[in-house]
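Okay, so here's the structure we're looking at.
Derivation of every value follows stated rules applied to the coordinates shown; laboratory data play no part. Quantities reported herein were computed from a predicted structural model and do not represent experimental measurements. FYI the Cβ positions are ideal-geometry reconstructions off the backbone, even for glycines, and counts take in every protein chain you see.
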Amino acid sequence: MTPTNTSARRQGLIRAICKAALIISSIGVAAVNFGCSVRSVATSVPSRIFREVHGLRVRSYQLMPVTDDLRAYGRVEIHTLENLMLDQIPEITVKQLNTEIINRTRSLNRFERITQVDQAIDSPKKTPDQSGAETITPGSRELIVEGSIDDYTPGIPALRYIEQGNNHAVLTVRMRLKDKHTARILGEMNITVENTRVTSNVERMVEKAADEVAHFVGRTTRYNTSMEARY
Amino acid sequence: MLRSREPFNVQRALRLALLLIAGLPATCLAQSLSGQPDRQVAPVTNITENRQKLENYKGKNGVLSMKTVILGGDFRVTTVIPFKGNIADYRRLEIARPISLVGGALTSQVSNKQLEKLKSQLEEKKIFESVTVIDSYSGATESPQKRTQTTSDNVRVEELESLDSPIGSVTDMEARDKQRLRTEEEPQRPLDLTLVAVIEVIDYAKGNRIKQALPLDLGKSILTVRLRYYDKDSGKEIGRQIVSGKSGGSSLLGPLSPRDALSGVADGFVDQVTRRVAASVR
């Protein structure tokens, strides 16, 4: 046996060992990855499904409970929301929110007259069904619905896919009910709509917020029991 | 021999004791005289040094980082009104007690806990001479006393220096010259302003760690605050931010993580203030 033959054999053996080590390690890595992904799928699928169903959540806090009987209010004046988020919320979203609040309050069929007031101009913008009677009769008391946009973020949809980080979209509005003649605050509520759905968007969140505002107005003016008693 | 030496030893001990008694008050007096100005100067220099150290400070990523992946307690910051002015001029910080815009959901216990956390974290940073808690602050009603006083002084000096002012005596002129020299020689000290942070809680959910353990995305701990920064002297709002902290048990430690929404908000607030200070140093 010549020395060149033995060195060639050694080199071949080393190569074979390296190949085997590489194959074994790659199989190991693949197995670990597979295991992890299977585990993550197994654990994240239920939460993902649950989030898609219940991802649009509402948290509301009563700042001032409604204790008066608001059934006497037959008219409502809805003011555009004060934007405390300035240019952090798109103009189109603010417009959509104000319009949705008007539309959803109208769809309650609870008030004989609904007026929209633009706070920037501070004069009634739209007055359908104006009766012209200025004397205060039981059904003609006017309610003011006003409020502010306290928080808004569209969230990060890409992070919602991987379920990491502070990714959810949020819209917080604070609503006040006032008597137009006395300017007395009748009730105040903070409504936060949070969207953690992957498939949902900001528009849906805005619609939900407007819906909650309309419900708040509708609930308080439909019954004569206090809000505290109903919760 | 031993008996004869005893009185000498006693005498020596007595002398030493007398020397000590006489020496101690002197050293104490010396310390009190020399120590007092040191104590006054030390925090100012320390703060300047600490602020200089922040030159390479890189802000935290609260939305997604290793810390939030492992421990949770992530936060987001939305700057509504960017900081106006130079925050390096603000050497004192006052934090007003949180105003609840979530009704009874925010208990005084949680409010105090949050306040303590903010105060302790900012004190640890040592970038302000003092961090104090005040009960409330309303920017519009604060009277700008300090500034009025300085402007009135300036007006008086300008009146005296004007060409229309009557010619004074030699002593008056000498006194004015000395005063002018003094003002020229005085090193330019940084302004000593106070920054006031007003906290408004706009969203709060305590959370539930048992619910967090379920794979149903429930029981999240959430805290969202609106921070309004005011210049105490002028009463003007110089910045506004929304800081929101969240902990939902989705981190590696899950519901066992010690961090909650309060930790996220505290981190976010301290990071934002530190960023501004670091930027002013640069």
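Structural remarks
- Per-peptide packing, taken as the mean over residues of other Cβ atoms within 10 Å, places A:98-104, B:81-87 in the sequence A:98-104, B:81-87 from highest down.
- When only alpha carbons are used to place a centre, region B:39-113 and region A:166-223 end up 30 Å from one another.
- Two-site FRET efficiency, B:Ser65 against B:Asn208, from Cβ-Cβ distance with R₀ of 35 Å, rounded to 0.05: 0.90
- Calculated FRET efficiency for the pair B:Val133/A:Asn33, C-beta based, R₀ 56 Å, to 0.05: 0.65
- The mean count of C-beta atoms from other chains within 10 Å of the C-beta of residues in A:158-169, rounded to a whole number, is 4.
- Per-residue average of Cβ from other chains inside 10 Å of B:215-223: 5
- Modelled spin-label separation between A:Ile162 and B:Lys53, with each label point placed 7 Å from Cα along the Cα-to-Cβ direction: 3.3 nm.
- Model label sites at B:Leu256 and A:Glu52, defined 7 Å from Cα along the beta-carbon direction, differ in position by 3.2 nm.
- When each of B:Lys67/B:Lys113; B:Lys58/B:Lys206; A:Lys208/B:Lys206; A:Lys180/B:Lys206; B:Lys117/B:Lys246 is checked by Cα-Cα distance, pairs over 25 Å: B:Lys58/B:Lys206; A:Lys180/B:Lys206
- Each peptide in B:109-116, B:270-277 gets a packing score, the mean of other Cβ atoms within 10 Å over its residues, and the list from highest to lowest is B:270-277, B:109-116.
- Summarising the label geometry, the points placed 7 Å from Cα in the beta-carbon direction at A:Glu91 and B:Asp172 lie 6.2 nm from one another.
- Packing, as the average of other Cβ atoms within 10 Å across residues, places the peptides A:161-167, B:56-62 in the order A:161-167, B:56-62, highest first.
- Kirkwood Rh in Å, taken over region B:192-282 so that all alpha-carbon pairs contribute: 14.7
- Relative to the current alpha-carbon distance between A:Arg184 and A:Asn109, full extension at 0.36 nm per residue lengthens the span by 24.5 nm.
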